[in-house]
1. How many Å² of accessible area per residue for region 80-256, probe 1.4 Å?
2. Which residue, P123, G221, A112, has the largest displacement toward the positive end of the dipole of region 80-256 when charges sit on each Cβ (Lys, Arg +1; Asp, Glu -1)?
3. Using a 7 Å offset from the Cα along the Cα-to-Cβ direction at both Q92 and Q321, what is the distance between the two label points in nm, to one decimal?
4. At 0.36 nm per residue, and after removing the present C-alpha to C-alpha distance, how many nm does the segment from T171 to R128 gain when stretched out fully?
5. As an exercise, use a Förster radius of 25 Å and the Cβ-Cβ distance of S54 and S241 to find the FRET efficiency, rounded to the nearest 0.05.
6. Between K421 and E161, what is the spin-label point distance in nm, taking each point 7 Å from the Cα along the Cα→C-beta axis?
7. Nearest 20 debye, what's the magnitude of the dipole of the chain about its Cα centre given +1 on Lys and Arg Cβ and -1 on Asp and Glu Cβ?
8. Of all beta bridges DSSP finds with both residues in the chain, what is the antiparallel percent, to the nearest 5?
Amino acid sequence: MNYFLFLFSQLSLFSSVLFAQPDFTPNYDEDKVPTYTLPDPLVFENDEKVESQSGWQERRTEILQLFASQVYGKTPNQSLDLRTKILSTNKQALDGKATRKEVRVFFSKRDARPYMDILLFVPNSANRPAPAFLGLNFYGNQTIHPDPGITLSDQWMRANEDFGIVDHRATEASRGVRVSRWPAETIIDRGYALVTIYCGDIDPDKNDFLDGVHPLFYESGQQEPSDEEWGTIGAWAWGLSRALDHLQTEETIDSDQVAVIGHSRLGKASLWAGAQDERFAMVISNNSGCGGAALSRRAYGETVGRINHNFPHWFCNNFEQYNKNEFSLSVDQHMLLSLVAPRPLYVASAKEDQWADPKGEFLSAVYATPAYQFLGKEGLPTTQMPPVDEPVIGTIGYHIRSGGHDINSYDWEQYLNFADKHFGGKRP
Ligand code: GCU
């Protein structure tokens with residue numbers, strides 16, 4: 001062989017080994033979904049069955065620990081002294097319908113980051129503390145409503161010029177760009193408070209563990225979480241619980257009726273928050289997909305391997321052991337849903353959002369139902385995937401909406417109805 005050709009072939013062999021992109025081509029063919037058996041939420045790791053309420057509590061702890069050490073990473077249990085400062089209050093927000101308040105929660109003794117700004121809209125007409133929806137947002141509180149009084153975030157965020165995010169910073173042009181995802185007026189008219197926080201205040205969504213809240217918990221010299229410590233989703237979930245700590249001090253909010261809600265990656269966070277923190281009275285997952293409500297073993301659309309490859313900071317390092325190896329996991333996502341039992345849980349998919357595997361999200365709710373039934377609740381009242389735009393409502397609610405990956409007024413309408421049903425139709 002010509003010497004140069006030989007050299008070239010060796011070099012290309014070498015580089016293909018070195019720079020090989022793993023093949024994570026998504027499967028969208030139902031016939032190619034592997035045959036799988038799921039672990040049973042009501043059977044312990046040692047194969048004993050859960051027989052009593054206290055047995056369920058023990059199994060619940062076991063499942064939580066498995067998710068913590070193998071999937072999301074362990075949440076630190078040290079508590080921090082949180083300090084709050086009111087940034088603004090406007091009693092005549094939303095044309096006088098609501099009081100807008102912004103509260104900055106500092107996570108350290110310094111008046112510096114990391115801190116999170118909680119934005120609240122509380123109905124003025126309520127004659128008792130209002131139930132609330134609490135959820136994280138993607139691009140800053142100022143995106144959820146054009147109200148010019150909302151503080152413009154100055155935190156790092158993912159670039160998105162269409163939304164007025166330039167050089168990773170929000171500009172005035174970002175005000176109200178996400179209004180379709182946050183129907184504040186409707187929520188207020190229905191008697192609920194709306195509470196939101198920019199997720200990047202808790203941990204910016206990038207593969208960097210020197211920002212956000214992680215460093216607050218490091219041992220000296222530590223630069224990143226260890227293999228079984230929390231990733232970014234774990235931090236977001238922790239932040240949601242810290243927001244609930246604050247809501248317990250707000251007299252206008254009924255902190256016993258707080259629904260934690262999230263879309264997509266933030267839906268993964270709301271599920272993990274609701275699973276760990278039983279003070280959340282309701283949990284809502286909107287199009288949360290892989291690592292959220294969807295069953296990992298189906299490997300349909302986004303897979304464990306793909307998500308760990310694209311978003312290495314979301315889960316704990318241990319989760320990488322399950323890339324293309326979902327069958328070795330001692331848990332699957334229906335068990336995350338079962339951790340919400342007996343509290344009301346809503347899982348929503350969208351028809352065109354095949355990446356998030358609507359069928360896998362639905363089946364997860366079906367397979368979480370035995371845990372609900374064990375606790376005397378209905379769970380999801382069907383095992384058949386409902387038609388598009390026809391919600392099924394029990395202690396678990398489910399719908400598959402027409403359209404794509406998003407959270408919109410149709411989704412919110414169902415969540416408000418679900419909250420009316422389970423929170424006793426609390427209205428002003
Ligand atoms: C990507 C990611 C999903 C995630 C989504 C989102 O599509 O693969 O897992 O849910 O982003 O957060 O919008």
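1. With the other protein chains kept in place, region 80-256 gives 41 Å² per residue.
2. The Cα lying farthest towards the positive end belongs to P123.
3. Between Q92 and Q321, the label points sit 6.1 nm apart.
4. Full extension of this stretch gives 11.8 nm more.
5. Given R0 = 25 Å and the Cβ-Cβ separation, E is 0.55.
6. Spacing of the two 7 Å Cα→Cβ label points: 4.6 nm.
7. In total the dipole reaches around 900 debye.
8. Here the antiparallel bridges make up roughly 50 percent for the chain.
The values are calculated or read from the model by the stated rules, or taken from the named source; none is laboratory data. Since this is a predicted model, take the numbers as computed values, not measurements. In this analysis, Cβ positions are derived from the backbone assuming ideal geometry, glycine residues included, and neighbour counts consider all displayed protein chains. These accessible areas exclude ligands, DNA and RNA; they are computed on the full protein's heavy atoms, side chains included. Shrake-Rupley method; radii C 1.70, N 1.55, O 1.52, S 1.80 Å.
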